[in-house]
Amino acid sequence: MGIGEAIKKGFSITTQSWNLVLALFVFGAIWNIISIFINPTPGATPDAAATVKIVAVGLVFIVVSIFVQAGSLGFICEKVKQGSANFSKFFELGGKYYLRIFLLGLLIALIAGGLILLAALAIAALQGTLNVLGIVLGLLLAALGIYLALLFFLAPYAIVADNEKTIAAVKKSVALVRRNMPRLLGILLILVLIGFGIGIVLGIGFAALSAAAPGQAAQIAFGIVSSFVNAFLGVVVTGSFMAFYLSITNNSDANTDGAK
């Protein structure tokens, strides 16, 4: 499957999965509105109680978002493979893949944290003597982190599409990404550019809205609009990469003629 074909498939899946887009929109809008009210106003220093509240809400969001991601991946996988999917299975699929995707996220977080710590230690240790060398080392570690993120990129799709365990999914992702890096980067780049372009338009719109109606009303309106855009693009991205994954793994059940 080529780059354009994968992205076209992603949009096709999305325009036929409005129930999923709506679910993601509601989830994102609720989170955005909650964030507006619990986050401190600019310039204000949050007290201990406010900090605990922010951390607690953030942890709840992470836990729920993993479930939502697992359910979305499962729903889209069925949509791409079979051409149709029953949204009632969203919660079942979310529970089925939750633990493995959670463990994958934990593994990625640990690796990212280790690389950030190494970069910080390297820059701190060499500061004042070999400052340039420390910065170069930090940049190299950052580049390594980006490369590892790319290698892990298809692991969630392996968990869902091939029912792989977490470590097996990582190994499969590494092998597939190495063999298909140019096309993977091509799809990723185009989707990032699409998102960037839409982000600029939203930013301009929010600036105009803030000037016309300053305060929380503008923030809430922007949060609702951006939630819908993020939900739509989220399904496009997942659909594009799910179609791409199934094509490079020669999945015989994949519906390559388009979703029904």
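The values are calculated or read from the model by the stated rules, or taken from the named source; none is laboratory data. What you see is a predicted model, and the numbers here were worked out from it, not measured in a lab. No Cβ is skipped: glycine too gets one built from the backbone with ideal geometry, and neighbour counts run over all protein chains shown.
For the stretch 81-92, give me the residue count where each residue is of a type in the set (A, V, I, L, M, F, W, C), under 21 Å from residue 158 (Cβ atoms) and over 19 Å from the mean Cα position of the chain (by Cα). Break it down into steps so the answer makes sense when it comes.
Step one: filter the stretch 81-92 for residues of a type in the set (A, V, I, L, M, F, W, C), giving 85, 87, 90-91.
So of that shortlist, the ones also under 21 Å from residue 158 (Cβ atoms) come out as 85, 90.
Okay, now just the ones that are also over 19 Å from the mean Cα position of the chain (by Cα), so 85.
Adding up the residues that qualify gives 1.
Hey, which of the helices (runs of 4 or more DSSP H) in the stretch 1-82, taking only ones fully inside, have at least 3 residues that are over 21 Å from residue 227 (Cα atoms)? Give the steps one after another, and end with the answer.
Numbers: elements: 3-15, 18-38, 48-82.
Answer list for the stretch 1-82: 3-15, 48-82.
Quick one: in the stretch 221-244, of everything that is over 16 Å from the mean Cα position of the chain (by Cα) and at pLDDT 90 or above, which residue is farthest from residue 9 (Cα to Cα)? Spell out how you get there, then give the answer.
First, pick out the residues of the stretch 221-244 that are over 16 Å from the mean Cα position of the chain (by Cα): 221-225, 243-244.
The next check asks that each one be at pLDDT 90 or above; those that pass are 243-244.
On the way: 243: 7, 244: 9 Å.
So, considering only residues that are over 16 Å from the mean Cα position of the chain (by Cα) and at pLDDT 90 or above, the one farthest from residue 9 (Cα to Cα) is 244.
I'm checking my understanding of the structure. Among residues of the stretch 154-175 that are surrounded by fewer than 18 Cβ atoms within 10 Å (Cβ to Cβ) and touching a residue at least 24 places away in the same chain (Cβ under 8 Å), which one is farthest from residue 78 (Cα to Cα)?
Here is the first cut: in the stretch 154-175, the ones surrounded by fewer than 18 Cβ atoms within 10 Å (Cβ to Cβ) are 162-163, 165, 167-168, 171, 174-175.
Still in the list and also touching a residue at least 24 places away in the same chain (Cβ under 8 Å): 162, 165.
Working: 162: 12, 165: 19 Å.
Restricting to residues being surrounded by fewer than 18 Cβ atoms within 10 Å (Cβ to Cβ) and touching a residue at least 24 places away in the same chain (Cβ under 8 Å), the top hit is 165.
Contact map, the stretch 54-78: residues that are touching a residue at least 24 places away in the same chain (Cβ under 8 Å) paired with residues that are outside any helix (DSSP H, G or I) and surrounded by 15 or more Cβ atoms within 10 Å (Cβ to Cβ), Cβ distance under 6 Å, separation 6+ or inter-chain. Pairs shown: 75/85.
Which of the residues spanning the stretch 129-180 are charged (D, E, K, R) and in contact with a helix residue (DSSP H, G or I) (Cβ under 6 Å, 6 or more places away or on another chain)? Please lay out each step first, then the result.
Going residue by residue through the stretch 129-180, those that are charged (D, E, K, R) are 162, 164-165, 171-172, 178-179.
Once the filter is applied, which keeps residues that are charged (D, E, K, R) and in contact with a helix residue (DSSP H, G or I) (Cβ under 6 Å, 6 or more places away or on another chain), the stretch 129-180 yields 164, 172.
Taking residue 101, is it out of contact with any Pro (no Cβ under 7 Å at 6 or more places or on another chain), aliphatic (A, V, I, L, M) and part of a helix (DSSP H, G or I)? No.
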